[in-house]
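Participant: This is the structure I want to talk about, given as structure tokens.
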Amino acid sequence: LYSTSRQMTAAYRPILDEHHLTYPQYLVLLALWERDGQSVKDLAARLHLDYGTLSPLVKRLEAHGRVVRARNPADERSTLVTLTEEGAALRPLATRIYAHGAEILDMSEADLVTLRRLVGTVRERLSAAAGA
């Protein structure tokens, strides 16, 4: 799994490099494209990252003008992460990366769905085992 993950990241790297993004930063943007204005806590849960890993990613995205962080008006204890216009404008990147991955893998849509489901199952079971 580790070597496969590294190979997929390497396959996406040229596209991400064009936009000065790392793969983990892209994943943060992807989560925000799906639902903008998430708390740091929700983003961390969605991406299966701890705060110490997520925080520098968000700070770098903010430094490059892709997101902004602000206190949640509904709960001053939490911070919301929101896309900027520049961050939102990168959304077509998701389609491009997905298409690139599908082309490289040369798998049917049904097989890709099955693969995603199986990888999700493996992740859930490993998480459950680690929590036990």
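Participant: Between Ala31, Ala44, which is surrounded by 14 or more Cβ atoms within 10 Å (Cβ to Cβ), under 27 Å from Thr79 (Cα atoms), without any contact (Cβ under 8 Å) to a residue 12 or more places away in the chain and in contact with a helix residue (DSSP H, G or I) (Cβ under 6 Å, 6 or more places away or on another chain)?
Facilitator: On the way: Ala31 fails: without any contact (Cβ under 8 Å) to a residue 12 or more places away in the chain.
It is Ala44.
Participant: Turning to a different aspect of this structure: Take the range 79-132 and flag every residue that is closer than 30 Å to Arg66 by Cα, among the β-branched types (Val, Ile, Thr) and surrounded by 12 or more Cβ atoms within 10 Å (Cβ to Cβ).
Facilitator: Matches in the range 79-132: Thr79, Val81, Thr82, Thr84, Ile97, Ile104, Val119.
Participant: I'd like the residue in the range 60-78 that is within 22 Å of Glu18 (Cβ to Cβ) and basic (Lys, Arg) and, out of all such residues, is surrounded by the fewest Cβ atoms within 10 Å (Cβ to Cβ). Break it down into steps so the answer makes sense when it comes.
Facilitator: At the first step, the residues of the range 60-78 found to be within 22 Å of Glu18 (Cβ to Cβ) are 60-67.
Those left that are additionally basic (Lys, Arg): 60, 66.
Details: Arg60: 17, Arg66: 24.
Here the residue is Arg60.
Participant: Same structure, new question: Would a scan of the range 54-77 turn up a residue that is closer than 26 Å to Glu124 by Cβ, assigned to a strand (DSSP E or B) and in contact with a Ser or Thr (Cβ under 7 Å, 6 or more places away or on another chain)?
Facilitator: As a first pass, look at the range 54-77 and keep what is closer than 26 Å to Glu124 by Cβ: 54-55, 57-58.
If we keep only those that are assigned to a strand (DSSP E or B) as well, we get none.
Within the range 54-77, none of the residues are closer than 26 Å to Glu124 by Cβ, assigned to a strand (DSSP E or B) and in contact with a Ser or Thr (Cβ under 7 Å, 6 or more places away or on another chain).
Participant: Please work out which one of (1) out of contact with any strand residue (DSSP E or B) (no Cβ under 7 Å at 6 or more places or on another chain); (2) in a helix (DSSP H, G or I); (3) at pLDDT 95 or above is the condition Leu21 fails and give its number.
Facilitator: So Leu21 meets the others, but not (2).
Participant: Which residue out of Ala63, Ala70 is modelled with pLDDT of 95 or more and closer than 16 Å to Asp42 by Cα? Walk me through it before giving the result.
Facilitator: On the way: Ala63 fails: closer than 16 Å to Asp42 by Cα.
Of Ala63, Ala70, the one residue that is modelled with pLDDT of 95 or more and closer than 16 Å to Asp42 by Cα is Ala70.
The values are calculated or read from the model by the stated rules, or taken from the named source; none is laboratory data. Since this is a predicted model, take the numbers as computed values, not measurements. Methodologically, a virtual Cβ is constructed for each residue, glycine included, from the backbone with ideal geometry; neighbour enumeration extends over all protein chains shown.
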